Amino acid sequence: MDFTTFFDIYMRPRSSKPLDRDGIEFRYAAASLLIACSKSDLDEDPEERKVIRQILAESFNISDKTINRLLEFADTASESGYLEEVTDLINEQFTDRDKRFLLEKLWVVAYADGRIESQEREFIERIADGISMTAEDVETAHTLAQHQLQEA
C-alpha cells in the first residue's frame, strides 16, 4: 500500500474533532518523525533505531508487532515528500503539549548515537517550524531530553 492510501485510511481525520495523543494517528506521526530524525544526518545508527523502539514502547504501551508496523510505515513516511503531510497533520490536529512531547523525543533520538550532528539540529528546527513551535520550545525540549538522558 502506498503512503497516500495508507495516510488516507489510517491518519486523515474523519471529523473536525481534534485527534488524541493516544490514537493511532499520533503514533504513526511520531514514528515517522523519529525515523526521519534518525536518517537526517545520513548515518542511521542502530542505537537510534533501538531508542525509537524504546520510545514507542514506553510512550504508547504497545506490542513489538505494532511497533514493527509503525516502523514499516515510518520508513516510507520519513521521506521528505511525505513529511510535510505528517507535520501538517500534527500542526492542525494536536495540542502544543503533544508537539512539545514530539520535540523532546526527537532530541532523544538525535542523542542516541552520543552526539548531535548539525543536520539533526536543523531537522528538529525545521520540524518545529512546521508544527508551529518556537525556538524557545525547541531549546526547552532539548534541555528536557538532556535531563531525561542523564537520569537514565
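Tabulated data
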quantity	calculated
Check on ARG121, surrounded by 15 or more Cβ atoms within 10 Å (Cβ to Cβ) and either out of contact with any Cys (no Cβ under 6 Å at 6 or more places or on another chain) or in contact (Cβ under 8 Å) with a residue 40 or more places away in the chain (or both)	yes
Unmet requirement for ILE116, which otherwise passes all of (1) assigned to a loop (DSSP other than H, G, I, E, B); (2) of a type in the set (A, V, I, L, M, F, W, C); (3) over 21 Å from ARG49 (Cβ atoms)	(3)
Hits in the stretch 55-113 - residues which are β-branched (Val, Ile, Thr) and either in contact with a strand residue (DSSP E or B) (Cβ under 8 Å, 6 or more places away or on another chain) or closer than 24 Å to GLN148 by Cα (or both)	ILE55, ILE62, ILE67, ILE90, THR95, VAL108, VAL109
Segments classed as helices (runs of 4 or more DSSP H), wholly inside the stretch 1-66, with at least 1 members that are over 12 Å from the mean Cα position of the chain (by Cα), modelled with pLDDT of 90 or more and surrounded by 13 or more Cβ atoms within 10 Å (Cβ to Cβ)	46-60
Qualifying residue in the stretch 39-49 (condition: touching a residue at least 40 places away in the same chain (Cβ under 8 Å) and closer than 22 Å to ARG21 by Cβ)	no
Lone unmet requirement of (1) loosely packed, with under 14 Cβ neighbours inside 10 Å; (2) touching a helix residue (DSSP H, G or I) at 6+ places or on another chain (Cβ under 7 Å) for GLU151	(2)
Lone unmet requirement of (1) modelled with pLDDT of 90 or more; (2) under 12 Å from SER32 (Cβ atoms); (3) of a type in the set (D, E, K, R) for GLU122	(2)
Residue check, THR87 touching a helix residue (DSSP H, G or I) at 6+ places or on another chain (Cβ under 7 Å), modelled with pLDDT under 90 and in a helix (DSSP H, G or I)	no
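The values are calculated or read from the model by the stated rules, or taken from the named source; none is laboratory data. Just so it is clear, the model here is predicted, and its values are computed rather than measured. Cβ: placed from backbone, ideal geometry, glycine included. Neighbour counts: every protein chain shown.
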